[in-house]
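The values are calculated or read from the model by the stated rules, or taken from the named source; none is laboratory data. No experiment lies behind these values; they were computed from the predicted model shown. Cβ coordinates were reconstructed from backbone atoms using ideal geometry, including for glycine residues, and neighbour counts include every protein chain displayed. Heavy atoms of the whole protein, side chains included, go into the accessibility calculation; ligands, DNA and RNA do not. Shrake-Rupley method; radii C 1.70, N 1.55, O 1.52, S 1.80 Å.
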Amino acid sequence: MNKKIQTVLFSFVFGVMPFIVNAAAVSDRIDCNTLQSKINELSAVSSPDEGQADELKKLQDQYRANCSKTASGRRTSTSVRASTSSATATQAETPVVAETVVLTAQGALDTYIKGRQDLCSELQADINTLTSAGSDDSEIKPLQNQYDKDCTDIDKSQVEEVDAETAAANVAAGLCTDGSKPNRFGCCDGETFKDMGNLVFACCPDDGGECYPPITSGGAI
């Protein structure tokens, strides 16, 4: 064959072949948007038949192979990455705020009294149930005694002020200013018996203030 003709054929073959290969590659490439659209259509079918299920799987495999992007060494779908980022952003925008409960004296008292009232209501209901069931009085009496002792006057939080004359008369009678009996140290409620030194003893208010001699010597010293 003529050498010139061989050169022309060689140039033609090796010049045209890459174009043909590239054209085939382009024709085989799948448009990701179209592929996603087909996947969405098949996914929306409530009861797909076997053929539709197979086609959906093939389309999903093709999408993962051709339309996913590499991130940190893993193949991750762009749509999945976007939704994950959106969820992370939403969580960041909604911080968890710890609830702070402030304890107050009145709140603590209300909670305690409410608890006692609830227990008393349960005890009374049990008494009524046992009575209706024909339980013996010897069985009911202890429950009723407990109810009468604990539930007839639950709220004793009110402080009654005692006038000076009555307080002095109570102390003169060997009682506390409010008329209650002192403890075995001769101190009243809210006071602590203390050794002041040199065999001197006193009752000192727990909330501070001046200490007083015990009302009675009692038998504890």
Are any residues in the stretch 149-178 over 15 Å from Cys188 (Cα atoms), open to solvent by less than 70 Å² (accessible area, probe 1.4 Å) and of a type outside the set (A, V, I, L, M), and if so, which ones? Asp150, Cys151, Ser157, Thr166
Does the stretch 209-217 include one or more residues that are loosely packed, with under 13 Cβ neighbours inside 10 Å and among the acidic types (Asp, Glu)? yes
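Please note which helices (runs of 4 or more DSSP H) are completely contained in the stretch 66-174 and include at least 3 residues that are modelled with pLDDT under 90 and either among the β-branched types (Val, Ile, Thr) or touching a helix residue (DSSP H, G or I) at 6+ places or on another chain (Cβ under 8 Å) (or both). Full working, then the answer.
Details: elements: 78-93, 105-132, 137-151, 164-172.
Those helices (runs of 4 or more DSSP H) span 78-93.
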Any residue that is surrounded by 10 or more Cβ atoms within 10 Å (Cβ to Cβ) and touching a helix residue (DSSP H, G or I) at 6+ places or on another chain (Cβ under 7 Å) - is there at least one of those in the stretch 192-202? no
